[in-house]
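**Q** I have a structure here, written as structure tokens, and I will follow up with some questions on it.
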Amino acid sequence: MSNALNNNPHRRYNILTGEWILVSPHRTKRPWQGKTEKNLTERRPEYDESCYLCPGNTRASGETNPQYTEPHTFVNDFSALLPDTPEEEVNNGLLKAESEKGICKVVCFSPNHSLTLPLMEVEDITKVVKMWKKEFRELGSSDDINYVQIFENKGAIMGCSNPHPHGQIWSQSSIPTEIQKKSRHFKKYWEKNKRSLLSDYLTQELELKERILSENEYFVALVPYWAVWPYEAMIIPREQHQNINQLSQEEEKAFAEIIKALTIMYDNLFETSFPYSSGIHQAPTDGGEYPEWHFHMSFYPPLLRSATVKKFMVGYEMFAGPQRDITAEMAAETLQQLPKQHYTKT
Ligand SMILES: [Zn+2]
């Protein structure tokens with residue numbers, strides 16, 4: 001890429017969604033007079049009697065968690081989607097609505113209340129990957145479930161009310177908007193080139209080596225060229241898999257390894273338990289063939305300059321489109337230079 005473009009306001013194209021992002025690298029020189037202090041590292045106990053996710057504790061629904069020792073799932077007590085919703089439709093002039101069925105589950109990553117993914121052993125993260133696979137397979141095989149969204153909200157700043165290591169799985173009968181957008185772009189590229197859009201993108205990124213954060217035999221973590229969040233990242237399997245159920249045992253472990261490597265970088269960046277929303281985008285489970293799909297995991301972290309200064313999506317972003325100041329290359333360079341060992345363990 002030409003240097004002039006890199007130093008001046010420009011737009012970058014997201015090949016997966018077809019959307020553009022405004023990049024304003026010249027603004028990174030403006031003086032910063034906000035907060036820069038470090039967050040005090042919060043120490044949590046391994047068991048918290050007031051936590052509704054810890055083993056043996058009773059939840060608001062009155063149900064008691066088993067004394068689980070491995071990743072544990074249950075149906076969300078406050079599910080946004082319900083499996084027995086009656087089928088109804090509104091088609092009244094310009095008013096349009098339809099009922100939606102689904103199942104929402106909670107996945108406790110570990111019985112240990114004090115852990116997070118970057119602090120867990122690879123072997124234990126691999127068990128989480130296996131649990132994601134099992135849930136994807138089981139939920140996706142239901143006639144009423146056409147898409148399975150696996151995600152994690154980490155940190156109070158992301159609206160996560162409980163620090164116990166856990167994620168969620170929402171599965172539903174319709175195909176959500178983000179998946180429809182990506183399906184469209186995967187398909188268009190596949191029809192034209194008979195190759196995966198993300199495989200070709202990965203090849204180009206591996207040649208350039210500007211935005212690569214971590215790689216192993218089966219996976220690559222990078223800052224996407226079109227990143228919106230300051231330290232946004234993406235984990236892409238080298239092999240084109242439509243969904244996580246196609247991962248081999250070796251790939252499950254490699255997936256766990258790269259999740260750990262990336263989240264350690266994140267924690268080390270501001271020496272804090274780094275907040276983010278992460279999610280896995282995969283092909284729909286409606287029984288269709290999706291030869292164009294290439295599953296991937298994205299991380300959207302809000303922190304910008306320190307453990308407390310976050311990026312706000314306001315003003316221009318609410319009304320026009322996303323914008324960022326530091327470029328994806330600057331973010332990648334910062335992350336690449338961090339120690340590979342978690343800051344609390346050195
Ligand atoms: Zn807990």
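The values are calculated or read from the model by the stated rules, or taken from the named source; none is laboratory data. Bear in mind the structure is a predicted one, so any value in this text is a computation, not a measurement. Positions of Cβ are generated from backbone atoms using ideal geometry, with glycine treated the same way; all protein chains shown enter the neighbour counts. SASA here: full protein model, heavy atoms, side chains in, ligands and nucleic acids out. Shrake-Rupley method; radii C 1.70, N 1.55, O 1.52, S 1.80 Å.
**Q** What aspartates and glutamates sit close enough to Lys188 to cross-link, taking a C-alpha to C-alpha distance under 12 Å and skipping anything fewer than 8 places away on the same chain?
**A** Once the sequence-local aspartates and glutamates are set aside, what remains near Lys188 is Glu292.
**Q** Please identify the cysteines of the chain that lack any partner cysteine with a Cβ under 4.7 Å from their own Cβ.
**A** Cys104, Cys108, Cys160
**Q** Nearest 5 percent is fine: what portion of the DSSP beta bridges confined to the chain is antiparallel?
**A** 95 percent
**Q** Quick one: what are the phi-derived ³J(HN,Hα) couplings along region 223-239, Karplus 6.51/-1.76/1.60 with θ = phi - 60°, whole Hz, x for glycine and proline?
**A** 8, x, 3, 9, 3, 9, 6, x, 10, 4, 9, 9, 10, 10, x, 5, 7
**Q** Explain nothing, just the number: relative contact order of the chain, from Cα pairs under 8 Å at least 6 residues apart, as a whole percent. Each step should come with its number before you reach the end.
**A** Working: 682 pairs, mean separation 75.7, N = 346.
So the answer I get is 22 percent.
**Q** Still on this model: Take each complete run of DSSP H in the chain, measure how far its Cα atoms stretch along the helix's own axis, and keep only those covering 27 Å or more with mean Kyte-Doolittle hydropathy at least 1.6; list them. Before the final figure, lay out each step's value.
**A** Numbers: long enough: 249-269 (31 Å, -0.15).
Counting only whole DSSP H runs, no helix qualifies.
**Q** Let me check against my output: what whole-number percent is the relative contact order of region 61-201, with C-alpha pairs under 8 Å and at least 6 apart?
**A** 24 percent
**Q** Here's something else I'd like to know. Over region 126-187, what percent of the accessible surface lies on carbon and sulfur atoms, probe 1.4 Å?
**A** 52 percent
**Q** Right, here's the next one. In Å and on Cα atoms, what radius of gyration and Dmax does the chain show?
**A** So, for the chain, Rg and Dmax equal 20.7, 64 Å respectively.
**Q** Where Lys and Arg each count +1 and Asp and Glu each count -1, what net charge lies around Lys134 among other residues with Cβ under 13 Å from its Cβ?
**A** For residues surrounding Lys134, the net value is +1.
**Q** Keeping every protein chain present and rolling a 1.4 Å probe, give me the accessible area per residue for region 68-119 in Å².
**A** Here the residues of region 68-119 average 58 Å² of exposed surface.
**Q** Also, quick follow-up: Per-residue ellipticity at 222 nm for the chain, helices alone: DSSP H runs ≥ 4 residues times -39500 (n - 2.57), over residue total, nearest 500 deg cm²/dmol?
**A** Value at 222 nm, helices only, nearest 500: -8000 deg cm²/dmol.
**Q** May I ask you to list the lysines whose Cα is less than 23 Å away from that of Lys192, ignoring any residue fewer than eight positions away on the same chain?
**A** The qualifying lysines are Lys181, Lys182.
**Q** So, one more: Hey, how many Å between the Cα centroid of region 159-201 and the Cα centroid of region 63-141?
**A** First find each Cα centre; the distance between them is then 17 Å.
**Q** From zero up to wherever the largest Cα-Cα distance of region 193-320 sits, split into 10 Å bins and tell me the percent of pairs in each.
**A** Over region 193-320, the share of Cα pairs per 10 Å bin runs 12, 39, 33, 15, 2 percent.
**Q** When Lys and Arg each count +1 and Asp and Glu each count -1, what net charge do the other residues less than 15 Å away from Pro301, Cβ to Cβ, add up to?
**A** Counting the neighbours of Pro301, the net charge comes to +1.
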